[in-house]
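Report on one structure; see the data block that follows.
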Amino acid sequence: SEPTLHDPNRKIRAARGNQRTAKSWGAEAAKRMLMNNLDPEVAEHPEDLVVYGGTGKAARSWEAYDAIVRTLDELEPDETLLVQSGKPVGVFRTHEWAPRVLIANSNLVGDWATWPEFRRLEALGLMMYGQMTAGSWIYIGTQGILQGTYETFAAVARSLGRESLKGTLTLTGGAGGMGGAQPLAVTLNEGAVLIVDVDESRLARRVDHGYLDEYTADLDAAIDRVVAAKQNGEALSVGVVGNAAEVFPELLRRGVPIDIVTDQTSAHDPLAYLPVGVSVDEWKAEAARDPEGFTERSRESMAAHVSAMVAFQDGGAAVFDYGNSIRAEAKLGGCDRAFEFPGFVPAYIRPQFEEGRGPFRWAALSGDPEDIYATDRAIAELFPEDKALHRWLEKAGESVHFEGLPARICWLGYQERHLAGLKFNEMVASGELKAPIVIGRDHLDAGSVASPYRETEAMRDGSDAIADWPLLNALLNTASGASWVSLHHGGGVGIGRSIHAGQVTVADGSELAAQKLERVLTNDPGTGVMRHVDAGYEHAQDVARERGLNIPML
Ligand code: NAD
């Protein structure tokens with residue numbers, strides 16, 4: 001791989017406040033959010049430029065990182081920087097409405113879109129894996145996923161005919177950057193949960209950050225704790241150190257009364273899933289020594305892991321794939337029944353996508369948590385009728401520990417997001433907020449992704465794999481005035497399995513920002529409604545008619 005001059009003690013932290021060194025807030029915000037992605041409080045492995053999701057990186061190398069930062073500081077307000085898989089490759093004269101940065105990460109031509117080919121190119125220093133918000137500089141730590149996970153578990157409770165998860169026990173795996181949101185999401189829904197991770201340091205980190213109540217290496221003790229919590233209707237999260245491919249079958253064998261089963265180990269990348277028989281310490285070296293052999297072993301372990309999940313379903317538990325491609329990998333590992341349980345999107349999320357609802361998020365460049373609390377109040381006032389939103393804002397205000405720049409996430413839909421953006425821009429203009437706000441979203445959104453094992457699984461018209469939609473989404477956001485736009489391949493579910501786009505737009509309090517925000521934050525979720533109208537979803541068609549979305553052939 002590329003030589004690096006990186007000093008392992010280097011710590012990245014974004015500047016705070018309303019003084020900028022870049023020539024526009026668009027460039028300053030992109031720079032701060034890149035740095036924020038690599039803040040040790042935010043990134044899982046900042047020394048390797050890895051933000052989250054296995055190997056999702058913010059920049060290709062430390063040299064590329066330094067060059068991006070330097071270029072953003074020099075960038076004129078009518079110029080656009082192009083980033084190719086984490087490396088700054090060109091600056092072009094555009095205009096003020098154009099994005100300051102355009103990013104393409106990990107894209108490969110169809111027949112070449114495989115992990116071995118990707119890794120070959122990565123080893124040559126030609127590519128990096130951008131995941132979703134890692135390479136597009138809008139990862140905000142575990143909170144980013146917390147709200148979506150909270151909503152998913154709330155939907156699971158409803159599907160079981162319950163008001164909350166009180167009195168239920170959930171089993172899951174993977175306490176990493178995203179998966180680490182699961183224990184808190186379950187306890188916020190009043191349930192008990194056991195979470196398995198091979199890496200003790202990940203469980204310890206979740207306890208430190210208040211996402212997990214406790215952990216142990218003693219499986220018996222863990223089982224006793226969570227079963228008692230289930231019986232007492234107590235909200236409790238317990239981590240257990242172990243390999244999910246061994247612990248899941250063991251829990252099944254012992255007949256532990258588990259109601260809900262899912263998993264968020266990094267199964268999308270077989271090298272980021274630890275096979276049985278390899279220790280955490282040997283992990284990196286073993287994977288590097290023989291990636292093909294390691295892949296085979298990890299798929300075999302995933303087959304054991306998923307077979308146990310299928311058996312829990314046979315026994316009456318609610319079981320779902322939580323967007324990590326584990327069914328597909330387990331199938332390759334020999335588990336023929338892997339696809340007998342559904343993905344979480346068709347099971348719980350799609351009705352929201354039909355309204356263009358998805359993970360809207362923002363971060364305060366001031367660095368002051370009070371700015372986020374002020375935006376929380378503004379959102380609550382803007383949407384007085386939305387009870388679930390109010391409950392979330394209240395719980396988030398109490399229990400979310402900010403990582404890096406203070407940030408917030410909530411799900412808003414078409415004809416809602418722009419109201420929030422305009423309000424925040426006014427608050428920046430009036431001085432109510434101390435510095436600009438950056439407004440973005442996950443690539444996991446209503447109109448921005450093609451991912452047949454996740455967001456577009458089981459589309460009504462069979463259009464799961466059509467990737468024209470995220471390309472149109474990125475082009476439209478570029479045309480609408482976003483501050484930076486990204487187009488990635490392989491995020492969430494791995495190379496060859498998804499194409500997706502992101503946008504981030506800055507509220508700097510200017511009139512120009514208001515015009516851009518109104519267009520971007522209307523059009524971006526509008527593509528979500530459009531995509532579901534086209535696929536034949538009646539609710540999306542009603543939303544389009546009621547809210548005046550112009551769909552020529554509806
Ligand atoms: P991560 O790499 O930060 O964490 C993965 C964790 O899994 C690590 O802590 C690792 O130690 C653990 N692990 C690996 N193999 C294991 C095994 N055999 N047994 C037990 N633990 C094991 O990744 P992340 O950011 O938390 O993402 C996890 C997965 O979820 C990825 O596949 C990602 O693409 C997917 N994801 C899903 C969503 C969603 O909305 N559903 C969103 C983002 C990411």
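The values are calculated or read from the model by the stated rules, or taken from the named source; none is laboratory data. Since the model is a prediction, treat every value here as computed from it, not as a measurement. A quick note on method: Cβ atoms are made from the backbone with ideal geometry, for glycine too, and the neighbour counts reach across all protein chains shown.
At-a-glance table
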{"item": "Unmet requirement for Ala244, which otherwise passes all of (1) away from the ligand (no atom under 13 Å from the Cβ); (2) touching a residue at least 60 places away in the same chain (Cβ under 8 Å); (3) of a type in the set (A, V, I, L, M)", "result": "(1)"}
{"item": "Those residues of region 193-214 which are in a helix (DSSP H, G or I) and among the β-branched types (Val, Ile, Thr), in sequence order", "result": "Val207"}
{"item": "Lone unmet requirement of (1) in contact with a Pro (Cβ under 9 Å, 6 or more places away or on another chain); (2) within 13 Å of the ligand (Cβ to nearest atom); (3) among the aromatic types (Phe, Trp, Tyr) for Tyr273", "result": "(1)"}
{"item": "Top-ranked residue of region 16-57 - restricted to ones that are closer than 25 Å to Trp97 by Cα and aliphatic (A, V, I, L, M), ranked as farthest from the ligand (Cβ to nearest atom)", "result": "Ala22"}
{"item": "Residue check for Glu28: closer than 20 Å to Leu81 by Cβ, assigned by TED's automatic domain parsing to the domain that holds Gly404, of a type outside the set (Lys, Arg) and in a helix (DSSP H, G or I)", "result": "yes"}
{"item": "Those residues of region 328-339 which are surrounded by fewer than 24 Cβ atoms within 10 Å (Cβ to Cβ) and of a type in the set (D, E, K, R), in sequence order", "result": "Lys331, Asp336, Arg337"}
{"item": "Residues that are away from the ligand (no atom under 12 Å from the Cβ) and surrounded by fewer than 22 Cβ atoms within 10 Å (Cβ to Cβ), drawn from region 342-355", "result": "Pro342, Pro346, Pro351, Gln352"}
{"item": "Any chance Arg357 is within 30 Å of Phe294 (Cα to Cα) and of a type outside the set (A, V, I, L, M)", "result": "no"}
{"item": "Members of region 422-432 that are closer than 25 Å to Leu34 by Cβ and surrounded by fewer than 24 Cβ atoms within 10 Å (Cβ to Cβ)", "result": "Met427"}
{"item": "Tabulated pairs, region 229-241, first closer than 14 Å to Ile195 by Cα, second among the charged types (D, E, K, R) and in a strand (DSSP E or B), C-beta under 6 angstrom, 6+ apart or interchain", "result": "Val238/Glu214"}
{"item": "In region 178-213, the residues that are among the hydrophobic types (A, V, I, L, M, F, W, C), out of contact with any Lys or Arg (no Cβ under 7 Å at 6 or more places or on another chain) and within 14 Å of the ligand (Cβ to nearest atom)", "result": "Met178, Ala181, Leu184, Ala185, Leu194, Ile195, Val196, Val198, Leu203, Ala204, Val207"}
{"item": "Unique residue being touching a strand residue (DSSP E or B) at 6+ places or on another chain (Cβ under 9 Å), farther than 20 Å from Ala363 by Cα and of a type outside the set (D, E, K, R) when the list is Leu517, Leu521, Leu475, Leu444", "result": "Leu475"}
{"item": "Number of positions in region 91-136 that are more than 16 Å from the ligand (Cβ to nearest atom), over 30 Å from Asp290 (Cα atoms) and of a type in the set (Gly, Ala, Ser)", "result": "1"}
{"item": "Strands (runs of 3 or more DSSP E) completely within region 52-164 that count 1 or more residues being surrounded by 20 or more Cβ atoms within 10 Å (Cβ to Cβ) and hydrophobic (A, V, I, L, M, F, W, C)", "result": "79-84, 101-105"}
{"item": "Top-ranked residue of region 445-466 - restricted to ones that are within 16 Å of the ligand (Cβ to nearest atom) and of a type in the set (Asp, Glu), ranked as surrounded by the fewest Cβ atoms within 10 Å (Cβ to Cβ)", "result": "Glu457"}
{"item": "Conditions (1) touching a strand residue (DSSP E or B) at 6+ places or on another chain (Cβ under 9 Å); (2) in a helix (DSSP H, G or I); number of the one not met by Val506", "result": "(2)"}
{"item": "Filter result (touching a His at 6+ places or on another chain (Cβ under 8 Å) and within 30 Å of Arg497 (Cα to Cα)) within region 62-102", "result": "Trp62"}
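Matching residues to (1) among the aliphatic types (A, V, I, L, M); (2) at pLDDT 95 or above; (3) more than 22 Å from Leu433 (Cα to Cα); (4) touching a Lys or Arg at 6+ places or on another chain (Cβ under 9 Å):
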site: Ser486; (1), (2), (3), (4): no, yes, yes, no
site: Gly502; (1), (2), (3), (4): no, yes, yes, yes
site: Asp508; (1), (2), (3), (4): no, yes, no, no
site: Gln515; (1), (2), (3), (4): no, yes, no, no
